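What follows is a set of notes on a single structure, which appears directly below.
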Amino acid sequence: MRAPRGILFLYAIDVFLGALAGTSYVVTQALGASRIDLFRLGAESNLPTWYSTSQLLLIALVLGALAWRDVDPRNRRTWVLALPTLLFVLLSMDEGAMLHERLGFSLERAAGAEVGLRATPWMLLGVPLYAALAVASFKAAKRYLTDRPDVVRLLWIGGGLFAASAVGLELIGDTLLTHNAMGQRVIGVFEEVGEMAAATTLLWAALRLARWEGLGIQFNTPSPLAMDDDGPPKPDVQRQDDLSPSSLLLG
């Protein structure tokens, strides 16, 4: 299965942001200058965080289009179809607001420890929650995955890479390596780049699923003279017989 150009471009951005963060650190250290927070991985208010948050939110929006189409408020059995959207909304919020890091820092201070507990609290509390939600989301989405091995394969690859990066590498960096040592920083770069690459893979899976389901976004832009008092129509998410690949990065 060949990755389309749009997805390859996103993979390139993933690697570029990791290289940019590493280069920024090495250069500022060599010059004795202050760190450039705009390029730092694993911190707030910077390009990698904004980008990664947007990736996860975009996945939520694509899956949300399916939920919007198929969830019937009068039928509770269909409500579970919104679980995949909820999962990626939570992951996006976690990435943007650094929720699990804040939890770790708070418990670290409460325990009176300087280092070593930042990863453990969220591993014990957050990982089971996210894992349970991920399993429930996968089960809820099974109706969409029948006879679509390409989507299933991408979900396994993206989910596995995300878990290995967000859980495995973070646990190694925060418990086995010296705080702020070079080894921990290198692991941190691989962790963040791995998470971004995983999000790109999951976005690819979501877009292929949307294509299988015949979903696209159609923007109606009539002449201003043709608009009524309510203004221009809103974007319409609907089922289409012929989905334009370019609209979903499937070039």
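The values are calculated or read from the model by the stated rules, or taken from the named source; none is laboratory data. Bear in mind the structure is a predicted one, so any value in this text is a computation, not a measurement. Cβ sites come from the backbone with ideal geometry, for glycine too, and all protein chains shown count toward neighbours. Surface accessibility is based on the protein's heavy atoms, side chains included, excluding ligands, DNA and RNA. Shrake-Rupley method; radii C 1.70, N 1.55, O 1.52, S 1.80 Å.
Rundown of residues vs (1) at pLDDT below 60; (2) under 23 Å from the mean Cα position of the chain (by Cα), yes/no style:
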| position | (1), (2) |
| --- | --- |
| Ser106 | no, no |
| Arg109 | no, no |
| Val115 | yes, no |
| Arg118 | yes, yes |
| Trp122 | no, yes |
| Leu125 | no, yes |
| Tyr130 | no, yes |
| Ser137 | no, yes |
| Ala141 | no, yes |
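Taking the conditions (1) within 30 Å of Tyr25 (Cβ to Cβ); (2) surrounded by 16 or more Cβ atoms within 10 Å (Cβ to Cβ); (3) modelled with pLDDT of 85 or more in turn, Arg208 satisfies each one other than (1). In this structure, is Asp236 at pLDDT below 55 and open to solvent by 60 Å² or more (accessible area, probe 1.4 Å)? Answer is no for this residue.
Quick check, is Thr23 of a type in the set (Ser, Thr, Tyr), in a helix (DSSP H, G or I) and open to solvent by less than 70 Å² (accessible area, probe 1.4 Å)?
In short, no.
Scanning region 123-171 for residues being open to solvent by less than 50 Å² (accessible area, probe 1.4 Å) and outside any helix (DSSP H, G or I) gives a total of 2.
Please verify whether Arg69 is touching a residue at least 40 places away in the same chain (Cβ under 8 Å), surrounded by fewer than 16 Cβ atoms within 10 Å (Cβ to Cβ), more than 16 Å from the chain's Cα centre (by Cα) and under 21 Å from Arg211 (Cα atoms), treating the condition exactly as stated. Spelling it out, Arg69 is indeed touching a residue at least 40 places away in the same chain (Cβ under 8 Å), surrounded by fewer than 16 Cβ atoms within 10 Å (Cβ to Cβ), more than 16 Å from the chain's Cα centre (by Cα) and under 21 Å from Arg211 (Cα atoms).
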